[in-house]
1. Go through the stretch 178-193 residue by residue and tally those that are assigned to a loop (DSSP other than H, G, I, E, B) and either of a type in the set (S, T, N, Q) or without any contact (Cβ under 8 Å) to a residue 40 or more places away in the chain (or both).
2. With respect to ASP17, is the statement that it is acidic (Asp, Glu) and modelled with pLDDT under 95 true?
3. Between a first residue in the stretch 146-168 that is closer than 22 Å to ASP85 by Cβ and a second residue that is among the small types (Gly, Ala, Ser) and in a helix (DSSP H, G or I), which pairs have beta carbons less than 9 Å apart while being 6 or more apart in sequence or on different chains?
4. Looking at GLY61, GLY48, GLY74, GLY91, can you tell me which residue is in contact with a Ser or Thr (Cβ under 9 Å, 6 or more places away or on another chain), surrounded by fewer than 23 Cβ atoms within 10 Å (Cβ to Cβ) and at positive phi?
5. Scan VAL186, VAL172, VAL207, VAL231 and give me the residue that is modelled with pLDDT of 95 or more, β-branched (Val, Ile, Thr) and farther than 15 Å from PHE257 by Cα.
Amino acid sequence: MNATITTRVVNDFRACDAGWWSELLASGETDNVFLTHPWQSAWWQTFGRGRLLLVVAEAGGRPLALAPLFWDSGMIFFTGSGGSDYLDFVGDCREPGVLEALLDTARRHVPQFLGFRFYHLPEQSDTGTRLQQAAPQLGMVCYEEGELAAPALCFDRWPKEQRPPADKTSLVRHERGFRRQGQLDVVHFRRPEEIRPQLEEFFEQHVKRWEPTSSPSLFRDQRQREFYLRVTNALGPQGWLRFTRLEWNARPVAFHFGTCYRGTYLWYKPSFDIELARLSPGEVLLRQLLLAAVAEGAHTFDFGLGDEPFKQRFATQVRRVKTWGLYPRHSAPSPPGAVNEHATSSRH
């Protein structure tokens, strides 16, 4: 291990400067809204359990990387494990010894340490490979414990011979259906003071939309409502929040809560009026979000986790996120299969 690398542990998000956090994030392989200081802090305030464990690796007094972690019942996880589509270490872990130093420091702070479980690591990040390489040096074994699809539309990869994604026949047809029968208004919001008053209406519509199904809305949980409020307050001032409201004849027929971060427009939490399902308000919502993404110059429309058929109609690539587990060699499960309740919470 490189002797010039030192580590320190921070136990409070307020003790981590948001400025250098952002600089570290930009220097790493994975830079997305889920790894930003505002998102991570809001998540911890709402869902935090066990003990926070922010491990900073430095060389010559200069931060190189940050491991945003927490531990509970002997296991260590990424903060954000649950509701965050993509997670990773923050900063540059390519220098030899950096990842090993972060992992070793973290486990030494956990009584009766059992292992690490890292959810939703993007396959385009080399972190998975580095974890496999670091495990033997730490006396551990590494397992791949599952994967999920993450479709995305890269606008510059869309076939030029086809009409633009937002002009697909089905999307346009459904929007025209609404317009023929009344007035359709689409409003996009970014400011927290404009979004907060609409959240309760959004939550209730989402609950009703999923009520008849076997997957009830996550907004039946008061903590989820609190989290969305915190995210609104935290991300809104950064300019990353995107909240869309569709009204038809002065009736709210669909909402969307998402983000646009460094050119990636995220399809995160949509909802529509279940009583109007036959008119496909979700299709109209999707068209308007695609138009909004293009209008602000986004290079990617990210559909997030899940391989629902409607996403395949638009995706130009299907990325993968993987879960990795690291366990002490003497006590490694075979095969490991425990699941963290936060990380697998429904996107509904």
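1. 2
2. Working: acidic (Asp, Glu): yes; modelled with pLDDT under 95: yes.
Yes: the conditions hold for ASP17.
3. LEU153/ALA293; PHE155/ALA293
4. Working: GLY48 fails: at positive phi; GLY74 fails: in contact with a Ser or Thr (Cβ under 9 Å, 6 or more places away or on another chain); GLY91 fails: surrounded by fewer than 23 Cβ atoms within 10 Å (Cβ to Cβ).
Every option except GLY61 fails the conditions.
5. Details: VAL186 fails: farther than 15 Å from PHE257 by Cα; VAL207 fails: farther than 15 Å from PHE257 by Cα; VAL231 fails: farther than 15 Å from PHE257 by Cα.
Selected residue: VAL172, the only one of VAL186, VAL172, VAL207, VAL231 that is modelled with pLDDT of 95 or more, β-branched (Val, Ile, Thr) and farther than 15 Å from PHE257 by Cα.
Residue by residue, here is whether (1) touching a helix residue (DSSP H, G or I) at 6+ places or on another chain (Cβ under 9 Å); (2) among the aliphatic types (A, V, I, L, M) holds:
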position: CYS142; (1), (2): yes, no
position: ALA150; (1), (2): no, yes
position: GLN162; (1), (2): no, no
position: LEU171; (1), (2): yes, yes
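The values are calculated or read from the model by the stated rules, or taken from the named source; none is laboratory data. Everything quoted here is computed from the prediction, not taken from an experiment. Using ideal geometry, Cβ is built from the backbone for each residue, glycine included, and neighbour counts are taken over all protein chains shown.
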